[in-house]
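The values are calculated or read from the model by the stated rules, or taken from the named source; none is laboratory data. Here the structure is a predicted model, which means the values were calculated and not measured. We place every Cβ from the backbone using ideal geometry, glycine too, and count neighbours over all the protein chains shown.
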Amino acid sequence: MSGVTLKYLKKTYNPGTKDAFYAVKGIDLEIRDKEFMVLVGPSGCGKSTTLRMIAGLEEASSGDLCIGDRIVNDVLPKNRGVAMVFQNYALYPHMTVADNMAFGLKLRKTPKAEIQQRVDEAADILGLTSMLNRKPKALSGGQRQRVALGRAIVRKPDVFLFDEPLSNLDAKMRVQMRAEISKLHARLNATMIYVTHDQTEAMTMGDRICVMRDGEIMQVDEPINIYQNPANMFTAGFIGLPQMNFLHGSVLEADGGYYFVSQAAGVDRLELTARLGEIARGHLGKPLVLGVRPEHFSACEADDPQAIHARVEVGEPLGAESFIHLSVANGDKLVVRLVGIVQSNIGQSLSVKPNLDEVHLYDAESELRLEAPCVVA
Ligand SMILES: Nc1ncnc2c1ncn2[C@@H]1O[C@H](COP(=O)(O)OP(=O)(O)OP(=O)(O)O)[C@@H](O)[C@H]1O
Ligand SMILES: [Mg+2]
């Protein structure tokens, strides 16, 4: 059993000085045994710091770090049962592929025959068998990254740690290696913690995703849940491309129904569904944000009572879908996704309406998603 548990884990760089920096601010996270957990967030949010604390390359300022049922805060990196793969591969240029992979095992005085067997096995898994005698400079970026993976695999760690391992590769190779690492996870059946700022990697690779911001965790959940039910505006805006649209306004009660009103969003009066009305009932008149993903808009007639009136700023027909960038009355922007090739002209008026079964309401101040009130029987 090698889950990884972080308990109120903190990292302060230069503590007690004027340069003190709170990089990780007391995070709790439980990564299950054999889980593929992705840590994702913008640059500087503390992903690498968290991973390096797990690896033992960085000392935690406070809190506990458990691997399996051991507290490992004071355990040396080499005794933690983890192997880390870095963005820059960190291969030894003067050593062959085989020697690069074997290096860590040699240091540990692993018997020669076993080293040979583990290297051959890893090379087979990674398709490197024919390249074992080459030096790194005779390999492509993707092949070098595979050697770095191989070096981790031969160690047979309980936990693999990846820090942006694919960011030096070109787009096509990234897609290929993404699939290979997912397959590797299935094959090796090990716990993997994977850091990236690329939300496509997070969505496609993770059993669960942990979204971080400024040293804190914003949400932990399965990818689809994160996408469909982002708990706060940060997660809502970070996961999804193009990002979710935020329409600022408020909800009023009128004519026995609830309406979202916002001149800023080009919305005169948007009649809410019973579900949204129930959610908004306790927040009437307060500044709220309606979060609508680009694919949850559809084109409609200008006189549709739910229409948002906008002008086309730019159209991006991609083939299977088209992204239309719009501006509404006061200059606010919207991006809508329409199916198929939709030709549009700059400046043209376009009316769109949101699918209110799929949208969320957020409190503009706390940026948290509003929940339906609990019904007490
Ligand atoms: N040795 C250090 N001394 C002071 N501050 C540091 C040190 N190392 C990292 N930091 C700061 O801690 C914060 C978190 O850094 P970290 O490397 O964990 O970010 P990250 O989420 O991995 O970002 P990126 O996506 O750019 O790799 C950053 O603001 C960084 O400047
Ligand atoms: Mg980093």
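Odds and ends about this structure:
- Number of the condition not met by LEU91 [criteria: (1) surrounded by fewer than 14 Cβ atoms within 10 Å (Cβ to Cβ); (2) at pLDDT below 95; (3) within 31 Å of the chain's Cα centre (by Cα); (4) not in a helix (DSSP H, G or I)]: (1)
- Residue pairs whose Cβ atoms lie under 6 Å apart, separated by 6 or more positions or on different chains, with the first residue in region 296-324 and touching a residue at least 40 places away in the same chain (Cβ under 8 Å) and the second small (Gly, Ala, Ser) and surrounded by 14 or more Cβ atoms within 10 Å (Cβ to Cβ), are CYS300/ALA307; CYS300/SER351; ALA302/SER351; ALA307/SER351; ILE308/GLY266; HIS309/GLY266; HIS309/SER351; ALA310/GLY266.
- For region 186-230, a tally of residues being surrounded by 20 or more Cβ atoms within 10 Å (Cβ to Cβ) and more than 14 Å from the chain's Cα centre (by Cα) returns 4.
- Annotation: of all residues in region 62-77 being over 15 Å from SER2 (Cα atoms) and touching a residue at least 24 places away in the same chain (Cβ under 8 Å), the one that is farthest from ligand 1 (Cβ to nearest atom) is ASP64.
- Residues of region 41-61 that are more than 9 Å from ligand 1 (Cβ to nearest atom) and not in a helix (DSSP H, G or I): GLY56, LEU57, GLU59, ALA60, SER61.
- Taking the criterion of being within 16 Å of ligand 2 (Cβ to nearest atom) and crowded, with 24+ Cβ neighbours inside 10 Å, the residues of region 149-165 that qualify are LEU161, PHE162, PRO165.
- Residue identified as in contact with a Gly (Cβ under 9 Å, 6 or more places away or on another chain), assigned by TED's automatic domain parsing to the domain that holds ALA60 and part of a helix (DSSP H, G or I) among LYS106, LYS78: LYS78
- Selection from region 79-88 of residues that are away from ligand 2 (no atom under 16 Å from the Cβ) and within 27 Å of the chain's Cα centre (by Cα): ARG80, GLY81, VAL82, ALA83
- Test: SER182 is surrounded by fewer than 21 Cβ atoms within 10 Å (Cβ to Cβ), in the same structural domain as GLU114 (by TED's automatic domain parsing) and either within 16 Å of ligand 1 (Cβ to nearest atom) or in a strand (DSSP E or B) (or both): no
- Condition check for SER322: surrounded by 17 or more Cβ atoms within 10 Å (Cβ to Cβ) and assigned to a loop (DSSP other than H, G, I, E, B): no
- For region 154-196, the set of residues classified as farther than 17 Å from VAL38 by Cβ, basic (Lys, Arg) and touching a residue at least 12 places away in the same chain (Cβ under 8 Å) consists of ARG155, LYS156, ARG187, listed by residue number.
- Within region 8-22, not a single residue is β-branched (Val, Ile, Thr), part of a strand (DSSP E or B), touching a residue at least 24 places away in the same chain (Cβ under 8 Å) and touching a helix residue (DSSP H, G or I) at 6+ places or on another chain (Cβ under 8 Å).
- Filter result (within 25 Å of the chain's Cα centre (by Cα) and under 27 Å from ARG178 (Cα atoms)) within region 59-78: ILE67, GLY68
- Region 39-78, residues that are under 22 Å from GLN219 (Cα atoms), within 16 Å of ligand 2 (Cβ to nearest atom) and surrounded by fewer than 18 Cβ atoms within 10 Å (Cβ to Cβ): PRO42, SER43, GLY44
- Candidates GLN263, GLN199: the one that is touching a residue at least 12 places away in the same chain (Cβ under 8 Å) and not assigned by TED's automatic domain parsing to the domain that holds LYS353 is GLN199.
- Among (1) farther than 19 Å from SER366 by Cβ; (2) touching a residue at least 60 places away in the same chain (Cβ under 8 Å); (3) among the aliphatic types (A, V, I, L, M), the one test that VAL211 misses: (1)
- GLN343 touching a Leu at 6+ places or on another chain (Cβ under 8 Å), assigned to a loop (DSSP other than H, G, I, E, B) and not assigned by TED's automatic domain parsing to the domain that holds MET218: no
- Matching residues in region 270-291 - criterion: being among the aliphatic types (A, V, I, L, M), more than 24 Å from ASP304 (Cα to Cα) and assigned to a helix (DSSP H, G or I): ILE279
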